[in-house]
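Novice: Dumping the structure here so I can ask a few things about it.
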Amino acid sequence: MASNGVHGDFTVPTVLQAMLTMRSGDTDKKKAAMDYLSKFQKSNAAWTHTITILQSSTEAEAQLFAATTLKGKITYDLAQISLHDLPALRNQLLLLLKKFAPGPKPVRVQLCVCLAILAIQMQTWKDVLPSVVEGLGNDVASHACILDFLRVLPEEVTEGRKITLSEEDLAQRTSELLGDNAEQVVQLLINYSQSSAAAATNPQLFECITSWLREVPVSVIANSPLLNAVMHGLTDDNSLTAAAECLGVMCRETKDVDESIDTIRVLLPRVLELRPRIQAMVDEDDIEGFKAITRVFADAGDSWTLGVARSPQTFLPLVDALLECCARDKDRDVIQYTFGFWYELKQYLTLGTYIEARLQLVEVFTKLVDILLKHLEYPPSDDPNEIDLFDGDRELEEKFREFRHLMGDTLKDACEVMGVSDCLTKVLNAIKLWRQTYGGQATPTAVPHWQSLEAPLFAMRAMGRMVDKTENNILPQIMPLLVQIPVNNEKLRFAAIMVFGRYTEWTSAHSDLLEPQFSYIIASFQSESQEILRAAAQAFKYFCVDCKSLMDSQVFELQVFYDQILDKLPEPSKEEVTEGVAVVVGAQKAEDVYSLLKLYCDPLVNRLMTKANTATTDKDKLDLADHINLLTHFAQHVVPYVPSTSENPAVKYWQEVFPVLSKILETFISFIPICERVCRSWRFMVISYRTAMTPLLGILANNLAQGFANSKQGCFLWATSAILREFSEDREQVDDTIAENIYVFFEAQATAMLRIMSDLKPIDLPDVIEDFYRLLIDALLYYPHRLIPSVLFTPIFQAAISALGLEKQEPISAVLHYLRDLLTYAGTNPAGSGDQVAEANVQLRHIVKQLLLVQGEALIKQTLTGMMMTFPRDCFADGSAVLLSMFELLPAETTQWVERTIHMMPQGTISVAEANRLITKIREKLGGDSSDFRTIRSLLQDFTNTYRRRYVAPRDGLGQLEAARFHFEG
């Protein structure tokens, strides 16, 4: 079943046989069949064979495949059909639609899409709507076809991304197909809605109205019989969802309250007519209906929030309806639809302009908090010791947890409107109520109705960001109650720990409450629950970070605790606890730092050596890599201030540890995670201690150079960049000889990298390329007078152009940032600074300009190709900036290079007229006394965005636009 794409290789029987093969279990045969069908879809034979299959096959799967293939052909390959044959294709589609009017629906819809796409591109077809209605006839079955076509037409015109028309032609066609037909379509839909009882509740009717709201002003629909039709559709189960979506879209179309106030006055009472349905649907357990109605209220609320803030009494019934939806949502099915409204309303009510509305609506938010506190509760259970309340369904439990965090955000919104004290008072009252009602029933083995105690704790945790350190009324009452929370219930203990961890900043200002809270956290490390341990570790870290100045007297006791508990913790918790104690050590006096580092880190180093001696499996090696990170936390956070003339006590200690890390790196150089962790540790040492690291500089540079040569991993370049920054010539207290040696070290790393890029394709080392060009950004910033005249400068530039052929954001961004900085050296405002750059600027400018004259066309070609085809969207701005700089530096040459690149685009994707129009506009903007570069940038951005919307990847690669393979002879 191999094929080279020739017409004769494809027949209807072989295509159908390939589809049957796709159902088989033979992987190789399925792959061959998939390849065959893919080639068939791109062949000229697909035009006739798909129509034949649609005419003759009775297999629904074959029919759908044929319809989908035909859609692809009309979208991408319409140029294969002559203009003379387009009317015949249109007539064939109409005949097929009549055949498939009764179904299957997926085939019918695909054929409608085919007809819509053809209508967009067939610019000589002026009477689209009348001819389709006439061609399909007036029987009931044909109505489904007409409605489907009417629905998909606006979608394809406004949202289609692969239409090969110019912007001007597309705008004209949009006007012809939508604007000129809007009034006729509205009348057609009105007539249909009134034609029969079945038509009045046909979901397709409301889907059509929704689709045409893109073009028809909502006021036209709201003031026509179609609004009554939509409201009637809401009363029928068959059409409820579609009608609700339609009404919701109508509300969303009135988001501009000032412009749409008359339409809002029409829609508001109609929306409020739905409120009695809330209770009815809840009573009938009609979940889908309840969701649909709630969405309507939410869409109205989201759209009219400004109206609510301006006229709260007018819109209060709508707000109350939303509140009722929340209150009656016992299974939490719909409340999330309202979250956006409460947030937007809060945004207005917290502005001084709407203080009056805030006072009128504060009671609504008070009720909302009560509702949320109830919804935050875990499901009830007859057994007070039952912790698994989801019958082992971990996915369901995780969704509930995520949902609670969303409710927590809405709780914060209410808190901003009501005020922190009022919200905290509700939490305090809920805790007191539980203590009064159930506190006496709690035993060492059971806590009754713990759900109603845990919920306010979660709410308190969610509100943590809102509470100021100076809150002295409610929190001093709550905190003593929390340390009495029963520890035998895992959920309650977890909630209490998380609250303590959330309020550590507040506790730092209320030191009298620190000891009982911290003791509660420390005691929690004895739990066997992994969840409790993780929570305790997180809270411990926050206590150490925020209350470090209060822990001087506990620094030795903390070390004993740390050493005892460390091996019991899961890996992330080890990191958090280590960060915590490192912060406390870092807050001690400089004269104590060396002894404290030995006290805390020597046991870690001993563990490290033991693990290194026994690590044979990947699991062991990962454990070793993670353990290195623990030492790195001390390098990050223990940074004593000492005069530059004195020995840094921290560096003194790391000199003792350095040989251990070097040996581990040498031993495990082929294991990437260990390389990354060691480099990370060294990088933070350089960043933390800066020039105080000079005693370690030589051995560190040797290790990084050797490590990169042996492993080819970007982490060594990443660490190199830190050295380059901290020991550059512009830094104080850096000897000229050291700066010179650092640059020589950098050149050795760069040379090794260029050799690697010459041997391997960019796609094989994207992460290393990213690290390399991030390093080069620093080299260009700190050593431009050395880098630009060097023999490596041109190969680095050529490698950058080659790397632009990647499709991954991070390396492309790094390369483009380097290029942007480099191009500034061809102008009068280079990215670097300092006296040396100013003195050498004329020479550097000449070198960069000469490079651009030789290599500029390749840069333009690859950058423009990336923006039109391959760059991730987040790279567009940087790519556009490169093009703009090139126009500013070499306007005439860059224009020629852009023109040549555009003419290399795949045949059929851009017309000669479009290309010429762009170049003409660019030349116009370049002419005159002052060139308008910003407009040129906009022209290119619009052009590339338009091209990208309709671009289809060439079947045989990018051809002339492929990035050239980089070769390095150094």
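The values are calculated or read from the model by the stated rules, or taken from the named source; none is laboratory data. All figures in this text were calculated on a predicted structure; none of them were measured in a lab. All Cβ positions, glycine included, derive from the backbone under ideal geometry; neighbour counts span all protein chains shown.
Here is a yes/no grid of residues against (1) at pLDDT 95 or above; (2) at positive phi; (3) crowded, with 21+ Cβ neighbours inside 10 Å:
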site: ALA309; (1), (2), (3): yes, no, yes
site: LEU318; (1), (2), (3): yes, no, no
site: GLU324; (1), (2), (3): yes, no, no
site: ASP329; (1), (2), (3): no, no, yes
site: ARG332; (1), (2), (3): no, yes, no
site: GLN336; (1), (2), (3): no, no, no
site: PHE341; (1), (2), (3): yes, no, yes
site: GLU344; (1), (2), (3): yes, no, no
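Novice: Return yes or no: is THR241 closer than 22 Å to ARG328 by Cα, part of a loop (DSSP other than H, G, I, E, B) and out of contact with any strand residue (DSSP E or B) (no Cβ under 7 Å at 6 or more places or on another chain)?
Specialist: So THR241 does not fit the description; no.
Novice: Going by what's in this entry, would LYS374 be described as under 34 Å from the mean Cα position of the chain (by Cα), free of Cβ contacts under 8 Å to residues at least 40 places away in the same chain and closer than 18 Å to ALA459 by Cα?
Specialist: Criteria not met by LYS374.
Novice: For region 446-463, name all the residues that are under 15 Å from LEU411 (Cα atoms) and free of Cβ contacts under 8 Å to residues at least 60 places away in the same chain.
Specialist: LEU457, MET460, ARG461, ALA462, MET463
Novice: Is it the case that region 654-676 has a residue that's within 19 Å of TYR773 (Cα to Cα) and at pLDDT 95 or above?
Specialist: Looking through region 654-676, at least one residue is within 19 Å of TYR773 (Cα to Cα) and at pLDDT 95 or above.
Novice: Out of the residues in region 193-225 meeting the condition of being among the aliphatic types (A, V, I, L, M) and within 39 Å of the chain's Cα centre (by Cα), tell me which one is surrounded by the fewest Cβ atoms within 10 Å (Cβ to Cβ).
Specialist: Only one residue tops the list, namely VAL220.
Novice: Would you pick out the residues in region 495-505 that are hydrophobic (A, V, I, L, M, F, W, C) and either buried (at least 21 other Cβ atoms within 10 Å of the Cβ) or more than 30 Å from the chain's Cα centre (by Cα) (or both)?
Specialist: Correct list: ALA495, ALA496, ILE497, VAL499, PHE500.
Novice: Might you check whether a residue that is within 30 Å of ALA915 (Cα to Cα) and outside any helix (DSSP H, G or I) occurs anywhere in region 173-181?
Specialist: Scanning region 173-181 turns up at least one residue that is within 30 Å of ALA915 (Cα to Cα) and outside any helix (DSSP H, G or I).
Novice: Restricting to region 906-960, and then to whatever is polar (S, T, N, Q) and at pLDDT 75 or above, can you tell me which residue is surrounded by the fewest Cβ atoms within 10 Å (Cβ to Cβ)?
Specialist: THR920
Novice: Take the conditions crowded, with 18+ Cβ neighbours inside 10 Å, modelled with pLDDT under 95 and of a type in the set (Lys, Arg) and apply them to ARG173. Does it pass?
Specialist: Criteria met by ARG173.
Novice: Can you tell me which of TYR689, TYR653 is among the hydroxyl-bearing types (Ser, Thr, Tyr), part of a helix (DSSP H, G or I) and touching a Leu at 6+ places or on another chain (Cβ under 8 Å)?
Specialist: TYR653
Novice: Now, a different point. I need the full set of residues from region 697-730 which are of a type in the set (S, T, N, Q) and under 34 Å from the mean Cα position of the chain (by Cα), in order please.
Specialist: Passing the criteria: SER711, GLN713, THR720, SER721.
Novice: Go through region 8-19 and report how many residues are surrounded by 12 or more Cβ atoms within 10 Å (Cβ to Cβ) and modelled with pLDDT under 85.
Specialist: Residues that pass the stated criteria total 2.
Novice: If you don't mind, there's one more thing I want to ask. Any idea which of (1) closer than 22 Å to ARG465 by Cα; (2) in a loop (DSSP other than H, G, I, E, B) is the one GLN526 doesn't satisfy?
Specialist: Failing condition for GLN526: (1).
Novice: Any idea which of PHE772, PHE797 is over 18 Å from ALA964 (Cα atoms) and not in a loop (DSSP other than H, G, I, E, B)?
Specialist: PHE772
Novice: Return the only residue of ALA101, ALA144, ALA67, ALA60 being at pLDDT below 90, closer than 30 Å to ARG23 by Cα and buried (at least 20 other Cβ atoms within 10 Å of the Cβ).
Specialist: Of ALA101, ALA144, ALA67, ALA60, the one residue that is at pLDDT below 90, closer than 30 Å to ARG23 by Cα and buried (at least 20 other Cβ atoms within 10 Å of the Cβ) is ALA101.
Novice: Further question on the same structure: What single numbered condition from (1) within 18 Å of ASP370 (Cα to Cα); (2) surrounded by fewer than 17 Cβ atoms within 10 Å (Cβ to Cβ) fails to hold for PRO480?
Specialist: With (1) within 18 Å of ASP370 (Cα to Cα); (2) surrounded by fewer than 17 Cβ atoms within 10 Å (Cβ to Cβ) applied to PRO480, the lone miss is (1).
Novice: Does region 426-440 hold any residues that are touching a His at 6+ places or on another chain (Cβ under 6 Å) and under 15 Å from LEU482 (Cα atoms), and which are they?
Specialist: None - no residue of region 426-440 is touching a His at 6+ places or on another chain (Cβ under 6 Å) and under 15 Å from LEU482 (Cα atoms), so the list stays empty.
Novice: Kindly provide the set of residues from region 567-599 that are within 13 Å of ALA536 (Cβ to Cβ), of a type outside the set (D, E, K, R) and assigned to a helix (DSSP H, G or I), ordered by number.
Specialist: PRO572, SER573, VAL577, GLY580
Novice: Something else about it: Scan region 194-224 for residues that are without any contact (Cβ under 8 Å) to a residue 60 or more places away in the chain, part of a helix (DSSP H, G or I) and either among the aromatic types (Phe, Trp, Tyr) or within 20 Å of ILE146 (Cα to Cα) (or both) and report the count.
Specialist: 10
Novice: Going by the conditions given, is ILE763 within 22 Å of LYS861 (Cα to Cα) and surrounded by fewer than 19 Cβ atoms within 10 Å (Cβ to Cβ)?
Specialist: yes
Novice: Residues to consider are HIS405, HIS449; find the one that is on the phi > 0 side of the Ramachandran plot and either crowded, with 16+ Cβ neighbours inside 10 Å or part of a helix (DSSP H, G or I) (or both).
Specialist: Criteria check complete, one pass: HIS449.
Novice: While we're on this one: For region 401-419, how many residues are closer than 16 Å to ASP329 by Cβ and either without any contact (Cβ under 8 Å) to a residue 60 or more places away in the chain or in contact with a Ser or Thr (Cβ under 6 Å, 6 or more places away or on another chain) (or both)?
Specialist: Going through region 401-419 one residue at a time, the tally reaches 2.
Novice: Follow-up question, since we're still on this one. So, restricting to helices (runs of 4 or more DSSP H) that lie completely within region 41-115, which ones have at least 1 residues that are under 21 Å from LEU153 (Cα atoms) and hydrophobic (A, V, I, L, M, F, W, C)?
Specialist: 60-76, 86-99
Novice: Which of the following residues is of a type outside the set (S, T, N, Q), modelled with pLDDT of 90 or more, in the same structural domain as ASN473 (by TED's automatic domain parsing) and buried (at least 18 other Cβ atoms within 10 Å of the Cβ): ALA430, ALA459, ALA414?
Specialist: None of the other options fit; the residue is ALA459.
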